[in-house]
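Here's the structure, in structure tokens; my notes come after.
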Amino acid sequence: MPRVHDPYPTRLGHAIAPIPRAEPTVWGGPHDGPLSQAELDGYEQAGYLIRPGTLGEDWLPPLRHELERMGAELDRDDPRVIYEPGGSIRSVFEPHLISDLVAEVVGLETVIPVARQLLGSDVYIHQARINLMPGFTGTGFYWHSDFETWHAEDGMPAMRAVSCSIALTDNYPYNGPLMVLPGSHRVFYPCVGATPDNHHTSSLVRQETGVPDHDTLTKAAGEYGIEQLTGPAGTAIWFDSNLLHGSGSNITPLPRSNVFLVFNSIENALTEPFAAPRPRPEYLAARTAEPFGVNPPPVS
Ligand code: 6CS
Ligand code: FE
């Protein structure tokens, strides 16, 4: 059924002008969680916040081991495992449902209270993945806004979601770290080109639909600049759902892996996709907006 009004039209037949963001970036205040007013202000301005020490040293070896175990034990045909063209594992989705250890990370005091504070409500996991960028052959992600995809393909109504990427390896300028256009989260860049059916079978390796054109990116990079977000293992990067970001490939011997958690406000539950033939599978976009960590687990 056609919608009456879509505030963020995208996947269009022709280019239209960028649209100013309608919603706030920060929904909670300094008394709603661990972040200070200065940290909240920084996040609001830049669209991201870096928090070193989100995972202590003691977490890193067991988590790295867990990734290897998951990679080895998951079925080659499991749709939740995405491979690089060269055959190595690029991403594993729903790691928090596969591994108790990863689920514990979500519940840490350095993680979920930050998500609740930024979004000003209870939250749930919209999407979780482990990204593994191997040394020498790792390929990056082209420039995009996550919200553009989640709105178009998953039916996320508003910009009230935040991504938390926790580094399991050190991030240097030279091993394919996250690059962002700070401040770009305040503008929605509509994209040209209809969503192909089953787009996710290719977009998770190489995204071609739902990316701004070169002209738009040139202007945006001129206006906002580009920053590389680096830091030691255990560092979390929190970034707004609409921040333009990407990463280059990694030809160094140093792999880059992270646990990537997307929190959405329970007040921003998914609807029908705004610009795609059908919703994506649950492992890419959870459709049950149950607050995480609020109710005790059911007794079985
Ligand atoms: O598909 C997703 O949900 C995420 N992955 C990619 C490659 N682009 C959009 C979004 O970040
Ligand atoms: Fe992304």
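Just so you know, all these numbers are worked out from the coordinates, no wet-lab data involved. None of these values were measured; they are calculated from a predicted model. For neighbour counting, all protein chains shown are included, and Cβ atoms are generated from backbone atoms with ideal geometry for every residue, glycine included.
Number of residues in segment 142-181 that are in a loop (DSSP other than H, G, I, E, B) and aromatic (Phe, Trp, Tyr) equals 2. Ile237 passes every criterion in (1) assigned to a strand (DSSP E or B); (2) away from ligand 1 (no atom under 16 Å from the Cβ) apart from (2). Please work out which residue is nearest to the chain's Cα centre (by Cα), limiting yourself to segment 258-282 and to residues that are surrounded by fewer than 21 Cβ atoms within 10 Å (Cβ to Cβ) and not in a loop (DSSP other than H, G, I, E, B). Once the filter is applied, the top-ranked residue is Phe260.
Taking the criterion of being under 19 Å from the mean Cα position of the chain (by Cα) and surrounded by fewer than 16 Cβ atoms within 10 Å (Cβ to Cβ), the residues of segment 16-41 that qualify are Glu23, Pro24. Scanning segment 153-173 for residues that are farther than 26 Å from Thr252 by Cα and either among the acidic types (Asp, Glu) or in contact with a Cys (Cβ under 8 Å, 6 or more places away or on another chain) (or both) gives Glu153, Asp154. Residues of segment 192-220 that are in a helix (DSSP H, G or I), more than 10 Å from ligand 1 (Cβ to nearest atom) and surrounded by 15 or more Cβ atoms within 10 Å (Cβ to Cβ): Thr216, Leu217, Ala220. Would you check if there is a residue in segment 116-138 being in contact (Cβ under 8 Å) with a residue 60 or more places away in the chain, surrounded by 23 or more Cβ atoms within 10 Å (Cβ to Cβ), more than 16 Å from ligand 2 (Cβ to nearest atom) and not in a helix (DSSP H, G or I)? For segment 116-138, residues in contact (Cβ under 8 Å) with a residue 60 or more places away in the chain, surrounded by 23 or more Cβ atoms within 10 Å (Cβ to Cβ), more than 16 Å from ligand 2 (Cβ to nearest atom) and not in a helix (DSSP H, G or I): present. Here Gly293, Gly231, Gly225, Gly246 are screened, and the one residue that is within 14 Å of ligand 1 (Cβ to nearest atom) and among the small types (Gly, Ala, Ser) is Gly246.
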